[in-house]
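Below is one structure, written out as structure tokens; comments come after it.
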Amino acid sequence: MPGDCPNIRLIDDPAHYKRQYELRAGIGVSNPDTGNFQFYGPSSGCAFLQRIYQRIQKLPARESLLTYRTGPVPDGLLKWGVERFMFTADADGDLRRSRLAAEAFLPQALGDVFIEAYFRIVHPQMPVLVYTEIIDSWKQMWETPIRGRPVKNQEILFMVLALGARVIRLKKSEQENRADEWAEYFSSRVSEGSIFMQEPSVKAVNLMLLKAMYSLQLMRQNDAYLYLGHATRTAMVLGLHRSQVTGGREPHLHRLRHTFWIMYVFERLSSVYMGRPSSLSDNQIDTVYPEDIPCYKDEPFHPPAVECTWTRVMADIAKLADHISVDVYSPASIRSLADTSKVEQTLLEYDAALQATTRCLPEYLHFFDESVPVGEDWQEIQRLSLGFAYNIVRMLLYRPALVLTTFFTSTSEAQRIAAGCIRLQECIDNSTAAARNLISLAHDVYFRRFPDIRYDGALASYMVSAIMTLLYDVLNLGTEPDKAHETFAVVEQGIRCLDDIEHTGYTVGKVLSMDLMKVAKQAVLAADPVVDTNQVLVDSFPWLDNLNPTTTIDTNPVPTPYMYPPDGAFPVLGSLAADVAMLSGSQVNCQWLSNGLDPRSIPGCLH
């Protein structure tokens, strides 16, 4: 225990225990029209959003987020329109398919481009498929049909085409191809029926992974979490978590091990990012990490499948993410008052373990060093995604310290009254440093090292989360104009990256970045009352002065030109939708959960 702990008495302070419990509160969201219900935990963007709004509005100190509210939607979510982006009732199933042609014929040349785009952009992040196998299936689509001979791996092929259409680098002359509509068409053609539940297979695992990646491209975080859960259960039915099944030197066994750990990475990171439990238990897993092996096939796009350092390091980070979810964010981490005194040691141990993952990386994965030579496309993509995962986990590790200041008028007051042995400012600095590093990495890659990554919308949610973490800290920097200026310079970099993303959910990054700029201006205007600080920021960043702080999100947005015919009415992505899933419906109740749901509003699916 550090010798200079300012407040050991907190071990015997029930008020502190209550405060710590509230730090671990989540949010419940229901859709009365369908009876659907979703829960987002304390590490999710939804829970963090309301904290930001309270600080911007300068609500009374120590007001509990668990306090019952009469309105159906928490004020922060209502202000920024996030309540419209949590369900997919109007954008899925029969309604979605009814808007699409029953059959359509994709030009073969365009299909070739979609497949190549998938393997160039998506495959390095999810190297579970083999290029030649997909090409064989694609060629079979153009052969003379033979009775009783179905197209091999048709569902997998369709998802490859869908994802390729999402990340393709479009030229102006190709806009008429309406790539996003092709993406939605092929995604809707993939069966999610009972055959994949009743007859588990590696094909089903791969299909669910692809569906999860497609959901991430659309920023449907909830859908991705569900698909990854299905993939995990299927993998465990197959025994992919056991060395009895996956042990051996044969190439197909290497693929099984690699597939399992790729699934593990995505499932664990999705779980902590949604504030929900993982479906995996490390105590039940003895499948070893995939080792680097020589290329056993002479084909394009093969290195990510045989050079597995990225997968091993990502798996280590994913393990730590789950520990953080359980030992930092879970209510079970504070079963007694004495547990609160162990928090700082837990943070330090996990931070040290996280930093240890970077010590044996090959140079092409050195995301923390801008001076390393630009690598091949797949290396740059893996470098970026590894850096994003590392920084988002470190940001979440320390972010509860930032949230704790919500209950007080200043960081110093929070330190004096509630922090105990935790050095709040040091933790806040660590969290915001991770957010800065994430945005700086993205900016360097987007505008210098590998600009084509801007066609991948799956990473945008990480940037939004980092930007919001920095904006939260701006609220505490009213007396430090230089530091506030430095923070806003990084925020501006992040907004530029979002502005450059070609596909962000159902719209382009420009809409998302505009919403974030509105939040940024609100953060400036709400900063501690030092007029000079606000004026310095407005003078340095003119876009702050060009935005109306009272502007709200249009409730009747112009429909996107992609995805569906122009006569449909579709929502435009809201400001903070990156941390939650998409919603097309309008009747949604969001409620902070205190002692359970209001009996009058229990969703039908919970009966």
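Evaluate the range 405-427: report whether one residue or more is within 24 Å of the chain's Cα centre (by Cα) and farther than 21 Å from I262 by Cβ.
Yes, the range 405-427 contains at least one residue that is within 24 Å of the chain's Cα centre (by Cα) and farther than 21 Å from I262 by Cβ.
Matching residues to (1) more than 17 Å from L23 (Cβ to Cβ); (2) modelled with pLDDT of 90 or more; (3) part of a helix (DSSP H, G or I); (4) not aliphatic (A, V, I, L, M):
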{"position": "T405", "(1), (2), (3), (4)": "no, no, yes, yes"}
{"position": "T409", "(1), (2), (3), (4)": "yes, no, no, yes"}
{"position": "L441", "(1), (2), (3), (4)": "yes, yes, yes, no"}
{"position": "R454", "(1), (2), (3), (4)": "yes, no, yes, yes"}
{"position": "A458", "(1), (2), (3), (4)": "yes, no, yes, no"}
{"position": "L471", "(1), (2), (3), (4)": "yes, no, yes, no"}
May I ask you to say which residue of R416, R399 is buried (at least 21 other Cβ atoms within 10 Å of the Cβ) and either touching a Leu at 6+ places or on another chain (Cβ under 8 Å) or closer than 26 Å to D339 by Cα (or both)?
-> R399
Being surrounded by fewer than 21 Cβ atoms within 10 Å (Cβ to Cβ) and assigned to a helix (DSSP H, G or I) is the filter here, so list the residues in the range 323-341 that pass it.
-> H323, V326, D327, P331, A332, S333, I334, L337, A338, D339, S341
State yes or no: is V328 within 23 Å of F39 (Cβ to Cβ) and not small (G, A, S)?
-> yes
Which one is modelled with the lowest pLDDT among residues in the range 146-199 that are in a loop (DSSP other than H, G, I, E, B), under 30 Å from R454 (Cβ atoms) and basic (K, R)?
-> K171
Looking at the range 260-286, which of its residues are assigned to a helix (DSSP H, G or I) and either among the aromatic types (F, W, Y) or surrounded by fewer than 21 Cβ atoms within 10 Å (Cβ to Cβ) (or both)?
-> F260, W261, Y264, F266, Y273, D282, N283, Q284
If we keep just the residues of the range 350-361 that are touching a His at 6+ places or on another chain (Cβ under 9 Å) and surrounded by fewer than 20 Cβ atoms within 10 Å (Cβ to Cβ), which is farthest from Y17 (Cα to Cα)?
-> T358
Would you mention how many residues in the range 287-305 are surrounded by 19 or more Cβ atoms within 10 Å (Cβ to Cβ), closer than 24 Å to V245 by Cβ and under 26 Å from the mean Cα position of the chain (by Cα)?
-> 3
So, first residue over 26 Å from L320 (Cβ atoms) in the range 280-298, second residue surrounded by fewer than 12 Cβ atoms within 10 Å (Cβ to Cβ) and at pLDDT 95 or above, Cβ within less than 7 Å, six or more apart or across chains; the pairs are none
A356 vs (1) under 28 Å from E376 (Cα atoms); (2) within 18 Å of the chain's Cα centre (by Cα); (3) of a type in the set (A, V, I, L, M): all pass except (2)
Could you please find all residues in the range 108-131 being more than 30 Å from R312 (Cβ to Cβ) and without any contact (Cβ under 8 Å) to a residue 60 or more places away in the chain?
-> Q108, A109, G111, D112, V113
Is there a residue in the range 230-237 that is over 27 Å from I115 (Cβ atoms) and under 15 Å from the mean Cα position of the chain (by Cα)?
-> no
Subset of the range 1-45, residues among the aliphatic types (A, V, I, L, M), part of a helix (DSSP H, G or I), more than 15 Å from P331 (Cβ to Cβ) and modelled with pLDDT of 70 or more, comes to A15
Can you run down the residue pairs with Cβ atoms below 7 Å, 6 or more apart or on separate chains, where the first is in the range 335-350 and touching a residue at least 24 places away in the same chain (Cβ under 8 Å) and the partner is assigned to a loop (DSSP other than H, G, I, E, B) and β-branched (V, I, T)?
-> V343/I422; E344/I422
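The values are calculated or read from the model by the stated rules, or taken from the named source; none is laboratory data. Computed from a prediction, not measured in an experiment: that's the story for all the values here. Don't worry about glycine lacking a Cβ; one is built from the backbone with ideal geometry, like all the others, and counts go over all protein chains shown.
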